[in-house]
6 protein chains.
Amino acid sequence: MIYLTRRERFNAAHKLWNLDWSDEENKAVFGKCANENWHGHNYQLFVTVKGEIKPETGYIVDLKELSVVINEEVVEKLDHKNINLDVPFMKGKLASTENLAVAIWNQIENRVADLGCQLHCVKLTETENNYVEFYG
Amino acid sequence: MIYLTRRERFNAAHKLWNLDWSDEENKAVFGKCANENWHGHNYQLFVTVKGEIKPETGYIVDLKELSVVINEEVVEKLDHKNINLDVPFMKGKLASTENLAVAIWNQIENRVADLGCQLHCVKLTETENNYVEFYG
Amino acid sequence: MIYLTRRERFNAAHKLWNLDWSDEENKAVFGKCANENWHGHNYQLFVTVKGEIKPETGYIVDLKELSVVINEEVVEKLDHKNINLDVPFMKGKLASTENLAVAIWNQIENRVADLGCQLHCVKLTETENNYVEFYG
Amino acid sequence: MIYLTRRERFNAAHKLWNLDWSDEENKAVFGKCANENWHGHNYQLFVTVKGEIKPETGYIVDLKELSVVINEEVVEKLDHKNINLDVPFMKGKLASTENLAVAIWNQIENRVADLGCQLHCVKLTETENNYVEFYG
Amino acid sequence: MIYLTRRERFNAAHKLWNLDWSDEENKAVFGKCANENWHGHNYQLFVTVKGEIKPETGYIVDLKELSVVINEEVVEKLDHKNINLDVPFMKGKLASTENLAVAIWNQIENRVADLGCQLHCVKLTETENNYVEFYG
Amino acid sequence: MIYLTRRERFNAAHKLWNLDWSDEENKAVFGKCANENWHGHNYQLFVTVKGEIKPETGYIVDLKELSVVINEEVVEKLDHKNINLDVPFMKGKLASTENLAVAIWNQIENRVADLGCQLHCVKLTETENNYVEFYG
C-alpha cells in the first residue's frame, strides 16, 4: 500500500452565513468572515489516494487521470465561482472549509474508485495559516 | 541607501468588470474573471521603503510603525471585503491587480514619508503565478 | 470526524545543553547547537484538532478561539524569548524540538478540550529541513 | 512515541519507460514522461522516524547521524544522476515516484534501526503538485 | 509604468558539457553537473513585462495572452525535454541557467512586444538555492 | 550583463540593544526585540552578483566558488552564533537586519570581485514578513 497526492488550486468567493440566523447573529459569530458582499481565497486542494503499485506502470494511478477527475468534479465547479451561490454541490450548506472538504470528498470518492485506487484524504488549505483534512 | 520590505496579507473578493460594457463584452474580455457572483484571492502585499540607516536604532524605519500604516490604510479596508463594492479608494476603478497596486501606493505614499523614509515599491501577488510591481 | 490545523509562529533563542554534563561533553554531543551564547530559530507551530462539524456553524471549532488558546498558552510565552531561560514550562528540560513539542501539547491539551474538540497533533518546524510531530 | 522528519534534496534525470513495451506503447501510456532523451526533477525527500525521546539529549535520534545515513544511502546515489541508468538500487525498476519511494525505504530501513529509532515514512515530492508517501 | 510577472514551470534534463573539451576537463570544471547520463531540474520561469495600464481593462496585458506566448515559445519546447539534445533554440549552447535565460529572452521578446507591452526581465530558478535574471 | 543569485541560510540569536541607552529606553524603542536573554531567527541570505557570461562555461561565476566565499566570510561566522556577542564583524554595531546586510556586503565585496564578477545585492530575510536589500 502506497499513498499518492495531487495538488490542484481554485480561487473562489464565499461568506460564512447561516441562513436561519439574523444579520446580527451572523456577524456576532462569524465576524469579518460574514462580510455581506463576500470575500475570497486562493484554495489549495490536496487529494491523497492509496493503492498497490501496478508493476507494468510503476503507478498507483495515472496522475493525469486523477487530475481529470478532480478538475471535472471539483475545480471547474469552484474556480472563479461564489461557493455560496454558484456551486450546486454546496447548495444549502454553510460555506466553511470543513463542509467544503467533506463535499469535495463526496464529489470524487466514486470516480477515484473507478480509477482502481481508493480515496484516502481530502486536504483543503484556505490560507497559509489554516487547513482541514477529511479521511471519509 | 538601503531597502526594507514588509509583507502583509488580505483576503478579498472581486470581479473584473467594465461598467461601460455589456455582460457579453465583459465575459468575452475577462473570461472567468468576470463571474457575476464574484471570486476571490489571498492577496500578498509587499511594501518596500528606502532610506538611510538611523545610527541609534539601526533602522530605516520601525517595522511596527510601517505595519500600522499599511494596516490602517490598506489591510483594514481590503481584508474580508469586496474590492468592487466595499473599498472607497477603488470606487469607479476596474478591480485589476494593476489598478489595486497603484491605488495602494496612493493610500500610503504620504504616510510612509511621515515616517522619515520613502516609498519605493508596492508589489501585489494575486496568485502563486502572477504579481504586479509599481514604483510610483 | 474531521481535522483542522492552525499555524502560528514564534522566534526564539535556545541552545542544546545538558546541565549534568561538562562543556566538553555538551560540545561533543550537540556540536554547534551547544554554542554558549545561544542561537535561534523562526519556529512554525501547527496545531491539529479533531471533532465533529457543528451544523449551525460548519466549524469543528472557531479558529479565532483556537488561535487565542495557542497564543496565550504558547506563543506569548515563547516569542522573542530564550527557551532555556525565559519559559516556565520548559524549566529543567533540554530545549530540543522534541521536548518543546511535548511541552506545547501539555500546555494546550485541556484548553483545546474546553473548546469542544480534541487535540490531535502538535507539529513543530525548527528549520526548513526538520520538524517534529507529537500525537500525545 | 514522537516523530521526527528530515528533509534532503536531490536533482536527477529519468524517464518513465517499460522495457517490455514498444516505443509506441510507452508513449501512449506515459506521454511526455516517456521523452526518449530524458527529463528531470528537483526531488525533495522527507524521511520520518519514530521513537522515544532520550532524556539525556532530548533527541529521538541525532539529526546529523540521520542525515549521514540518508546522504550515504540515497542522496549520493541519486543526486545529479540518471535514475534509470546510474542507480544500482533502481536497476530493472520503472523509475516512477512510487517505485523510487519504496526503493529508498529499503535503502535506509536497517540503517535507521541501527540509530536506535524506527523508520516511519518516506515521502518523496517530484513537483509542487505531486508526491508519494510509503509507510513500509 | 507598471510591471507584471507571470510564473510558468518546466521540468527538463541537462548536463553542463563543453563539446570542445575532453571528458576530464568537463568533469574537472563542472563536477557532478557533468554527469554523462544527465540530471534534471524543476525550473521556474518568471517573465516580467512593463507598460501602461489600459484604462478599459485595467491591464498592462492580458495574462492569458502572455501565458500563451510563454507556453508556445518556451514551455512546450523545454518541458519534459533534454535541454542539450531536444531544444532547437539551445543548439550549440552550453546548457547553463545563464545561457538558458538569455535564450528564453530571445524567444519571447518580439512576441511580447506584439502584445503591446515590453519585456523587462526573464528570471529562471534552477533550484531553491540559485536563480538567474536577465534584463536584455 | 546578467545577474546570478545564491541563497545561503544561517540560524542565529540576537537582540536589538543600544549600549548607550538604559534598559527602559531600549525596551521602549525595541519592544520584544530587546528581550534581555535574546531571541533568534532562521535568516535567509540571497547574494546577487552580475557579470558577463563566460563562453567556455556558460557561467558568470562558478556557483560552488561563490558559495565557498559566502560560507567562509559569512555563514561560518554567523550560523549558530549570537550576532551581538560572537561575530567580530558586527562588534559595536546594533544587530538590526539593516546593519547586518551592510556588514555582510563589506565581508564579501572584495572576494566576489576576485571571482571575476561584481557584487550587486545582498538581500537578508529575517522572517517571512520582512527583509532588507542593500546595493552598496
Computed from the mean reciprocal separation of all distinct C-alpha pairs, what Kirkwood hydrodynamic radius does the protein assembly as shown have, in Å?
28.4
Only sites in a loop by DSSP and with at most 15 other Cβ atoms within 10 Å count here; which trypsin sites (Lys or Arg not before Pro) in region E:93-125 make the cut?
none
Can you show me the helix-derived [θ] at 222 nm for chain A, built from DSSP H runs with n ≥ 4 at -39,500 (n - 2.57) apiece and divided by the number of residues, rounded to the nearest 500.
-8000 deg cm²/dmol
How many lysine pairs in chain D, separated by 8 or more positions in sequence or lying on different chains, have Cα atoms less than 18 Å apart?
15
Which one of A:112, A:61, A:29 has the biggest mean-square fluctuation once chain A is modelled by GNM with Cα springs under 10 Å?
A:29
Report the local net charge at residue E:130: Lys and Arg +1, Asp and Glu -1, summed over other residues whose C-beta lies under 14 Å from its C-beta.
0
Please give the charge dipole size of the protein assembly as shown, origin at the Cα centre, charges +1 on K and R Cβ atoms and -1 on D and E Cβ atoms. Round to the nearest 20 debye.
0
Please state the charge dipole magnitude for region F:89-136, taken about the Cα centre, from unit charges on C-beta atoms (+1 on K and R, -1 on D and E), reported in debye and rounded to the nearest 20.
200
Sorted by Cβ density within 10 Å, fewest first, the residues E:114, F:62:
E:114, F:62
Shielding by partners - mean other protein chain Cβ count within 10 Å, residues of D:4-13:
6
Low-density loop cleavage sites - GluC sites (Glu not before Pro) in region E:45-136, where at most 12 other Cβ are within 10 Å (DSSP):
E:52, E:56
Calculate the FRET efficiency for residue C:52 and residue B:24 from the Cβ-Cβ distance with a Förster distance of 41 Å, rounded to the nearest 0.05.
0.30
Working only with C-alpha atoms, what are the Rg and Dmax values of region E:80-124, expressed in angstrom?
11.7, 34
Mean separation of Cα contacts under 8 Å, 6 or more apart, over the residue count of chain C: relative contact order %
31
Shielding by partners for A:54-61, please: the mean number of other protein chain Cβ atoms within 10 Å of each residue's Cβ.
6
Treating only Lys and Arg (+1) and Asp and Glu (-1) as charged, each at its beta carbon, one finds that chain F has a dipole about its Cα centre, in Debye to the nearest 20, of 180
Acute angle (nearest 10 degrees) that the helix F:97-114 long axis makes with the longest principal axis of chain F, alpha-carbon atoms
30
Answer check: region F:2-134, Cα atoms, Kirkwood Rh, Rg/Rh ratio of 1.05
Cα centroid separation - region C:1-78 against region F:57-89, whole Å:
29
Just counting partner chain Cβ atoms within 10 Å, what average do the residues of peptide B:26-33 show around their Cβ?
3
Go through C:63, C:45, C:132 and say which Cα lies farthest out towards the positive end of the charge dipole of chain C; charges sit on Cβ, +1 for Lys and Arg, -1 for Asp and Glu.
C:63
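Every number in this text was worked out from the coordinates using simple rules, so none of it is lab data. Keep in mind it's a predicted model, so treat the numbers as computed, not measured. Glycine gets a Cβ as well: all are built from the backbone with ideal geometry, and neighbour counts include every protein chain shown.
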